[in-house]
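Novice: Please find one structure pasted underneath; my questions will follow.
What follows draws every value from the coordinates through simple rules; no lab data is involved. Remember, predicted model here, so these are calculated numbers, not experimental data. Please note: Cβ atoms are built from the backbone with ideal geometry, for glycine as well, and neighbour counts cover all protein chains shown.
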Amino acid sequence: MRIESRAAALRSHTLLTVLSLLSVLPLYWMLVTALRAPNEIFSTTPWPQNPSLDNFAYILGGVPILRMLWNTAIVATLTTIAQLITALLAAYAFARWKNKWSQALFALLTVTWLIPAQVVMVPGYLLVTRFDMLDTLAALVVPHAASAFAIIMLYQALRAFPDELIEAAVIDGAGHLRILRSLIVPNLKPALASLAILLFITSWNDYFWPLLVTRSQDSAVIQIGLQMFMTQEGNQWGPLMAAASVASLPLLALYVVLQKQIVDSFLRSGLK
Amino acid sequence: MTHEISRRTALSLGASSLAASAFAPAPSFAQRIAPPSSAPVSITYYNYNLASAGIGSEATKELIAEFTAPQPNIKVEGVPVSSGQILARVQADLVAGRTPDVAQLVFSDLDFVVRNLGVKPMTDIVPPEEWAAHTGGMVPAGLNLGALDGKVYGLAYVFSTPVLFYNATLFKQAGLDPDMPPATWAAVKEAALKLRAATAKNGVYPGVYSEFDWLLQGLFLSNGGRALSEDRRRVTFGESGAVGAIEMLRDLVKSGAHAKLAESESGDAFMSGNLGMILTTSVYQRAFLNAAKDKFELRAAKMPSFGDKPARPTNSGSALFILSKDPVKQRAAWELVKYMTSKRGYTVITSKIGYLPLRLDIVDDPQYLGAWTRENPMVRPNLEQLTRLNQWVAFPGSNYRQIARIQIAAVNEAVFGDGDIAKIMREAQERAQALMPRA
């Protein structure tokens, strides 16, 4: 019996080890390619013949990659904070004040989530231009300060929140802000953390909107920086992989620190 | 790899096309650009080479800096926009009232740009004597690339022709003579089959499967076909010349001479040494040379022909358009366009980026490209094709990209499938014709 369970454990561990290695392989290949010379890029050897940091030197010298990383971090952080605040307020309003329009309003909000971003891109661009925000980091944050997805997610969490607790707080004389600050936020921490992670990753990976509203490399984000190595004159795989390695480091670090919460947040939202 | 258009780009273009439809073409006017002046002026220059890292961006920045250094009154803001995005961005900025003064736009957008963005023919706004003085030394075929209805709207800027790059090392291993590259498609097939049998590598990849159909159009033309009729009213990629060209491609596939690769991976396959021949843009030369260094010998040949019919190479690339309506800015824009397409401009563009010079008189001139051409003889087949260059024709109307998409989907189905080629192409032609503007 014990031998059988050990054999089963061995089998499953072997399978998981293989799957883990397969998952890590693209990352490994990215790093190895970043260390290869141009004439070695397509080599299938598992490690470079003459490893060099030339590609890293090239990306740091040729494109303001660190500046772009910094911009991306600022934009992703501010967007996440803004979306969390607006979502919390909106979800609270939806959960607390029910009237005959509530459902219709919420349905309308849900529908906006289904509108492809590209459809509203030009009107959004015109607004940004009118407010003279073109080529600023504000243009990347302000139009995305509210997220229908975030509101829906938090609304679901708030619906499960016991009304009795809120009513008790009201009886104790707490106002709405106090209820939010002292009661709801502390109790919704796991949901808020999960959502924050998802919003941060989405904002970090955003490519299209930044492409439209940035006009200079100094205000660009990392996703645009990566695209710059895919040129009309051929893809520069070595520098591209070096840039991708540098770009993935912050998210990788975040993942290492918040591994459990990230997995939870993906499971919670049903997204992959 | 090059000129690929992503789904996101297409969506964006669609969105901005909606916006663009809100503004009608500006009424025609014959206002000329202002005379030269030393008054300060700022212009914006949308350029897709600036949006890439490396040689394209460096060379463009160098040229802009050289242009502004002796005339500090002109300030040029180079705005980097990727090639797939540049038209969408120009449209959005037109709607936003921030019209760029000069824009580098892809030739396939020519009809849309002329009919929808209110671009004036350069020959109408530039004084005739200045136009003649500047374009005097240019290759006539090249000058025609940015022309529509007999008028030049965009001055050809960075462009290339189709080149058959081949791996001479694999040729030798297969017992083929690398000094005698295949000149016809029949010879290409024969060489590819020999190469495949001897080396177990892929034979040939004709890079004609992109929505940017410049190379496909060259293939059709070489077999007496066309993608669009000369009067620009009929889609013609379902007619016999084009169908014959596709039959040749099907034959390459069925015989095993044609590499089974996606367009996006063909260049990488060639650079990795796993592909014997590739017909593609000459601008990849530098990337190919880098990959081939110490690995295999890279060589280049002209575009293959169909038997005795002369090959008719087309061009890829883009032209410079003056979009400004302000005569003073138009003057500054024209001065910039002149510099970018000057002898010095093309010396930098050709030697540093790898595109073709619109001026053949600089090729052997020691003051310009002379030394570089001697060191880079591989550019010769490309230069030879320049004199007999055929225009990459832009489909008309606002559905032009859908038409190109229908065309390439049909070509893929016809080449790689088993259906009746003539039927597939004819049906696609009918679908595309329905999207053409009504006369």
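Novice: What do the square roots of 5 times the Cα gyration tensor eigenvalues come to for region B:164-316, in whole Å, largest first, as semi-axes of the equivalent ellipsoid?
Specialist: 27, 16, 13
Novice: Roughly what % of DSSP beta bridges within the protein assembly as shown run antiparallel, to the nearest 5?
Specialist: Restricted to the protein assembly as shown, the bridges split so that about 60 percent are antiparallel.
Novice: Sticking with this one: Could you tell me the distance between the Cα centroids of region A:1-25 and region B:327-367, to the nearest Å?
Specialist: Rounded to whole Å, the Cα centres lie 64 Å apart.
Novice: Give me D for region A:98-242 in µm² s⁻¹, whole number, from Stokes-Einstein with Rh from the Kirkwood sum over alpha-carbon pairs, 4 °C and 1.567 mPa s.
Specialist: D, rounded to a whole number, is 69 µm²/s.
Novice: Further question on the same structure: May I ask for the angle, rounded to the nearest 10°, between helix B:185-199 and the longest principal axis of chain B, with both axes built from Cα atoms and the value confined to 0 to 90°?
Specialist: Helix B:185-199 sits roughly 60 degrees off the main axis of chain B.
Novice: Can you work out ³J(HN,Hα) from phi for every residue in region B:124-135, in order, using Karplus 6.51 cos²θ - 1.76 cosθ + 1.60 and θ = phi - 60°, giving whole Hz and x for Gly and Pro?
Specialist: Computed from phi, the couplings for region B:124-135 are 7, 9, 8, x, x, 5, 5, 4, 5, 5, 7, 8 Hz.
Novice: Still on this structure, please answer the following. With a ≥ b ≥ c the root eigenvalues of the C-alpha gyration tensor of region B:284-340, is it rounded (a/c under 1.5), prolate (a/b larger than b/c) or oblate?
Specialist: oblate
Novice: Taking the Cα atoms only, what angle lies between the long axis of helix B:327-340 and the longest principal axis of chain B, rounded to 10 degrees?
Specialist: On a 0 to 90 degree scale, this one is about 40.
Novice: Here's a follow-up. May I ask for the distance between the Cα centers of region A:26-85 and region B:176-193, given as a whole number of Å?
Specialist: 41
Novice: Still on this structure, I have one more. In square nanometres, what is one fourth of the surface area of the convex hull spanned by the alpha carbons of region A:192-272?
Specialist: 6.6
Novice: A follow-up question, please. Add +1 for every Lys or Arg and -1 for every Asp or Glu among the other residues with Cβ under 15 Å from the Cβ of residue B:325, and state the total.
Specialist: +1
Novice: Once you mark the chymotrypsin sites (Phe, Trp or Tyr not before Pro) that are in a DSSP loop and have at most 11 other Cβ atoms within 10 Å, what is the longest gap between them in chain A?
Specialist: Maximal segment without exposed cleavage sites: A:102-272.
Novice: Rounded, prolate or oblate: which one fits region B:280-439, using the alpha carbon gyration tensor with axes a ≥ b ≥ c (rounded when a/c is under 1.5, else prolate when a/b beats b/c, else oblate)?
Specialist: Cα axes put region B:280-439 in the oblate bin.
Novice: Check which residues have an amide H placed less than 5 Å from residue B:301's amide H, if you skip close sequence neighbours.
Specialist: Residues meeting the amide H criterion: B:164, B:165, B:166.
Novice: OK, next. Taking 51 Å as R0, compute the FRET efficiency from the Cβ-Cβ separation of residue B:98 and residue B:293 and round it to 0.05.
Specialist: 0.70
Novice: Semi-axes of the equivalent ellipsoid of region B:329-390: what are they in whole Å, largest first, if each equals the square root of 5 times a C-alpha gyration tensor eigenvalue?
Specialist: 23, 14, 9
Novice: Just to check, using Stokes-Einstein with a Kirkwood Rh over alpha carbon pairs, what's the diffusion coefficient of region B:148-220 at 4 °C and 1.567 mPa s in µm²/s?
Specialist: Using the Kirkwood radius from Cα pairs, D works out to 89 µm²/s.
Novice: Sort all Cα-Cα distances of region A:41-88 into consecutive 10 angstrom bins from zero, then give the percent of pairs in each bin up to the one containing the longest distance.
Specialist: Result, from short to long distances: 21, 26, 22, 19, 11, 1 percent.
Novice: Calculate how steeply helix B:86-95 sits against the longest principal axis of the alpha-carbon atoms of chain B, using the helix alpha-carbon long axis, and give the answer as 0 to 90 degrees to the nearest 10.
Specialist: In chain B, helix B:86-95 runs at an angle near 30 degrees to the longest axis.
Novice: Placing unit charges on C-beta atoms (Lys and Arg positive, Asp and Glu negative, everything else neutral), compute the dipole magnitude of region B:334-439 about its Cα centre in debye, rounded to 20.
Specialist: Taking the Cα centre of region B:334-439 as origin, the dipole is about 340 debye.
Novice: Limiting things to C-alpha atoms, what are the Rg and the maximum Cα-Cα separation (Dmax) for the protein assembly as shown, in angstroms?
Specialist: Cα only, the protein assembly as shown: 28.6, 98 Å (Rg, Dmax).
Novice: Taking the Cα atoms of region B:112-246, what is the range of coordinates along each of the three principal axes, in descending order and whole Å?
Specialist: Per principal axis, max minus min of the Cα coordinates gives 60, 35, 22 Å.
Novice: Right, another one. Calculate, for residue A:159 and residue A:117, the FRET efficiency according to 1/(1 + (r/R0)^6) with r their C-beta to C-beta distance and R0 22 Å; round to the nearest 0.05.
Specialist: With R0 = 22 Å, the Cβ-Cβ based efficiency is 0.25.
Novice: Suppose the Debye formula is applied to equal point scatterers at every Cα of region B:275-371; what is log10 I(q)/I(0) at q = 0.10, 0.16, 0.21 Å⁻¹?
Specialist: The computed values of log10 I(q)/I(0) come out as -0.43, -0.90, -1.16.
Novice: Using the structure shown, list the pairs from B:75/B:325; B:151/B:352; B:172/B:352; B:172/B:201 with a Cα-Cα distance above 23 Å, or answer none.
Specialist: Flagged as over cut-off: B:151/B:352; B:172/B:352.
Novice: Fully extended, how many nm does the chain gain between residue B:179 and residue B:420 (0.36 nm per residue separation, minus their Cα-Cα distance)?
Specialist: 83.0 nm
Novice: In angstroms, what radius of gyration and Dmax does region B:249-320 have, counting Cα atoms only?
Specialist: For region B:249-320, the Cα-based Rg and Dmax read 14.0, 43 Å.
Novice: Which semi-axes, in whole Å and largest first, does the equivalent ellipsoid of chain B have when worked out from the alpha carbon gyration tensor as the square roots of 5 times its eigenvalues?
Specialist: Gyration-tensor ellipsoid for chain B: 36, 27, 18 Å.
Novice: Continuing with this model, one more query. What residue among B:136, B:146, B:238 shows peak mean-square fluctuation when chain B is described by a Gaussian network model with Cα springs under 10 Å?
Specialist: B:136
Novice: Based on alpha-carbon atoms only, what is the radius of gyration of chain A relative to the globular estimate 2.2 N^0.38 Å?
Specialist: It is 1.27.
Novice: Follow-up question, since we're still on this one. For region B:106-155, max minus min Cα coordinate along each principal axis, in Å, sorted largest first?
Specialist: 30, 21, 16
Novice: Once whole DSSP H runs in chain A are found, which of them have Cα atoms spread over 20 Å or more along the helix axis and a mean Kyte-Doolittle score of at least 1.0?
Specialist: Span-like helices, by this rule, are A:65-96, A:189-205, A:237-257.
Novice: Something else: Which whole-number value in Å³ per residue fits the convex hull of the alpha carbons of region B:45-113?
Specialist: Hull volume over Cα atoms, normalised by residue count, gives 92 Å³.
Novice: Given a Förster distance of 45 Å, report the FRET efficiency between residue A:5 and residue A:67 from their Cβ-Cβ distance, rounded to the nearest 0.05.
Specialist: After rounding, the FRET efficiency stands at 0.25.
Novice: Sticking with this structure for a sec: Report the Cα-based extents of region A:42-126 along its three principal axes, largest first, to the nearest Å.
Specialist: That gives 70, 31, 27 Å along the principal axes, largest extent first.
Novice: Distances over 21 Å make up what percent of all Cα-Cα pairs in region A:1-100?
Specialist: Result: 68 percent of Cα pairs exceed 21 Å.
Novice: Looking only at GluC sites (Glu not before Pro) in DSSP loops with at most 13 other Cβ atoms within 10 Å, what is the longest site-free stretch of chain B?
Specialist: Longest gap between qualifying sites, sites excluded: B:1-229.
Novice: Modelled label-to-label distance, residue A:27 and residue A:264, 7 Å Cα→beta-carbon offset: nm?
Specialist: 2.1
Novice: For region B:239-297, which trypsin sites (Lys or Arg not before Pro) pass both filters: DSSP loop (anything but H, G, I, E, B) and at most 12 other C-beta atoms within 10 Å?
Specialist: B:260
Novice: Apply the a/c threshold of 1.5 to the C-alpha gyration tensor of region B:34-167 and tell me whether it is rounded, prolate or oblate.
Specialist: Since a/c stays below 1.5, the shape of region B:34-167 is classed as rounded.
Novice: Any idea how far the Cα center of region B:419-439 sits from the one of region B:59-96, in Å?
Specialist: 38
Novice: While we're on this one: Within 10 Å of each Cβ in B:258-268, how many Cβ atoms from other chains are there, averaged over the peptide?
Specialist: Mean partner shielding for this stretch: 1.
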